[in-house]
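The values are calculated or read from the model by the stated rules, or taken from the named source; none is laboratory data. Since this is a predicted model, take the numbers as computed values, not measurements. Every residue, glycine among them, receives a Cβ derived from its backbone with ideal geometry; neighbour counts consider all protein chains shown. Keep in mind that these areas ignore ligands, DNA and RNA; they rest on the heavy atoms of the full protein, side chains included. Shrake-Rupley method; radii C 1.70, N 1.55, O 1.52, S 1.80 Å.
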Amino acid sequence: MDGFDTYSTPLSSRYASQEMLKNFSPNMRYSTWRRLWVALAESEMECGLNITKEQVDQLRSHIDDIDYDAVSAKEKEIRHDVMAHVYAYGLVCPDAKGIIHLGATSCYVTDNADIIIYKNGLEIIKNKLLTAI
């Protein structure tokens, strides 16, 4: 593990399962942001915006290869987490960098990712409860 695969908290070393740690990890959060940006681009393309299938495909092919060093350096410079991730995503998707986050606010990715991650966490708990019952 590279440190970005697990959620870190004092409680995690005692009580959290590996499945839950992975669910709340930075990798899960930021790859979810990228999946949301892909969904946004697909929807905008379907609505007739000047977005190509090739751009969407390029975004889709780079969901999981997050360059945390690039993100960190950009965030230090601009002091904005979402825009630092937009920048880093654009580095690996040069043909699509102009459409990443197009028309969205930061809350589009932060709030929706939180809801998705919380839902996944509740599914983990549900499955463990059903197993216990």
For the chain, find the longest principal axis of its Cα atoms and tell me its angle to the long axis of helix 81-92, 0 to 90°, nearest 10. 60 degrees
Crossing angle, helix 26-46 versus the chain [Cα axis fit, 0-90 degrees, rounded to tens]: 40 degrees
Rounded percent of accessible protein surface that carbon and sulfur make up, the chain, 1.4 Å probe: 55 percent
Starting from the 7 Å offset along Cα-to-Cβ, what nm value, one decimal, do you get for the label separation of M45 and A73? 3.0 nm
Could you compute the longest span of the chain free of chymotrypsin sites (Phe, Trp or Tyr not before Pro) located in DSSP loops and having at most 16 other Cβ atoms within 10 Å, not counting the site residues? 16-133
As I understand it, the value is the acute angle between the Cα axis of helix 68-78 and the longest principal axis of the Cα atoms of the chain; what does it come to in degrees, rounded to 10? 70 degrees
Residue-normalised accessible area of the chain, expressed per residue, 1.4 Å probe, Å²: 62 Å²
Mean separation of Cα contacts under 8 Å (at least 6 apart) over the residue count of the chain, i.e. the relative contact order in percent, is 25 percent
Per-residue [θ]222 nm for the chain (sum of -39500 (n - 2.57) over DSSP H runs n ≥ 4, rounded to 500): -20500 deg cm²/dmol
